[in-house]
Amino acid sequence: MTISGLKGRSLLSLREFSGDEIRELLGKAADLKERTALGENVPALAGKNIALIFLKPSCRTRVSFVVASTQSGAHPEIFNREDIRFGIKESVRDIARVFGRVFDGVMFRGFEHATVAEFAQYAGVPVWNGLCDSYHPTQVLADLLTLRENFGDLEGLPLTYVGDGRNNMAVTLAIAAAKLGLDLRILAPAPLQPAPEVIEELLAGRESEQARVLVTDSPEEALRGSACVYGDVWVSMGEEDQTRERIDLLRDLKVTSDLMALTGREDSIYLHCLPAFHLLDTETAIANPDICEVDDDVFEGEQSRVFDQSENRMHTAKALMQLTIAG
């Protein structure tokens, strides 16, 4: 089914698109991925210019949007934090109007959601949230494409998120559950669980009767029958001062083969938005050897789809840009 109306639209939290629009975007991404594998790039954005703003550093977001832009025929221009100092000598709305006059679309990766929302309000061109403290919609689009590739229909699909249940990933997955009918379980210790009223608000606009969000600290309850176990770092960017506290709270929820076995399914997969701590081969892990949220045998094992998921960041970014700029 083709839906008109994505042209000119921004994506700030995933709330902005209906379930049918998200399905259309995923279908577009799957088609573009197949064409890319055949060496057929679709230059739907030839002659367009894309701004990529990084107030927070990035690996996958930068790689995916740069390649997606160039394969679509557009020119990407990267702006780091020191290039654009919002609020120091120029306001967000003024900078947004400058960018809107010369760029055809803007990827914005920053901190407060209010900043990217204000930028989108004044830019006058599509703005895509590449991550903020509250939401991570471009990541979840890639997650949904990966789930679609492995399980087909997403409605009623059981998915377990393990980690800090209040962070931008858990919240955005809950929005996706409301839009597409996912059976989301959030496995988190009590201090890291979202408040019941937050979940109630996220589900208020549910578009499927199968949409469900369960919050629990019981691995057995969260994992029973789950098609996917979704991991995340225990300490988000900017929260490094809470490292020891988070390790103490989450160490018992480390994703091991024993925890994966609690799904009771042979076809369960493991996803992670990356970066992941699974070996003591980084400075952070060496300094905090018990920070690893997943065992290496799970991360590198047959159930892992983390690098399919990472690649899908590019295909979903390409579909997002093409549909919102070119229609």
So what's the angle, to the nearest 10 degrees on a 0 to 90 scale, between helix 92-102 and the longest Cα principal axis of the chain? 60 degrees
Extension gain Asp267-Asp308, at 0.36 nm per residue separation less the Cα-Cα distance, in nm? 13.2 nm
Which log10 I(q)/I(0) values, to two decimals, does the chain give at q = 0.14, 0.15 Å⁻¹ under the Debye formula with one point per Cα? -1.12, -1.27
Just report the Cα centroid separation between the stretch 251-301 and the stretch 1-78, whole Å. 30 Å
Using a 1.4 Å probe, what is the accessible area per residue for the chain, in Å²? 43 Å²
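According to the square roots a ≥ b ≥ c of the eigenvalues of the Cα gyration tensor, what is the shape class of the stretch 184-281, taking rounded for a/c under 1.5, prolate for a/b larger than b/c otherwise, and oblate for the remainder? Mind showing how you got there, number by number?
Numbers: a/c = 1.84, a/b = 1.19, b/c = 1.55.
Oblate, because a/c is 1.5 or more while a/b does not exceed b/c.
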Of Lys89/Lys318; Lys56/Lys89; Lys254/Lys318; Lys28/Lys48; Lys28/Lys179; Lys56/Lys318, those spanning more than 27 Å from alpha-carbon to alpha-carbon: Lys89/Lys318; Lys254/Lys318
Could you work out [θ]222 nm for the chain from helices alone, using -39500 (n - 2.57) per DSSP H run of at least four and dividing by all its residues? Round to the nearest 500 deg cm²/dmol. -12000 deg cm²/dmol
On Cα atoms only, tilt of 19-37 relative to the major axis of the chain in degrees: 80 degrees
Within the chain, what whole-number % of the accessible surface is contributed by carbon and sulfur, with the 1.4 Å probe and all protein chains included in the calculation? 47 percent
Net charge around Phe99, counting only other residues with Cβ within less than 12 Å of its Cβ (Lys, Arg = +1; Asp, Glu = -1)? -2
Which of Asn167, Asn129, Asn288 moves most in a GNM of the chain, Cα contacts under 10 Å? Asn288
Highest mean first, what order results for 94-105, 142-153 on Cβ atoms within 10 Å? 142-153, 94-105
Tally Lys and Arg at +1 and Asp and Glu at -1 over the other residues with C-beta under 10 Å from the C-beta of Ala51: what net charge comes out? -2
Quick one: helix 137-151 against the long Cα principal axis of the chain, what's the angle to the nearest 10°, folded into 0 to 90? 60 degrees
The simple spin-label model distance between Asp296 and Ala46, using points 7 Å out along Cα→Cβ, in nm, is 4.8 nm
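The values are calculated or read from the model by the stated rules, or taken from the named source; none is laboratory data. Please read all numbers here as calculations on a predicted model, not as lab measurements. Positions of Cβ are backbone-derived with ideal geometry, glycine not excepted, and every protein chain shown enters the neighbour counts. Each accessible area value is taken on the protein alone, full model and side chains, heavy atoms only, with ligands, DNA and RNA left out. Shrake-Rupley method; radii C 1.70, N 1.55, O 1.52, S 1.80 Å.
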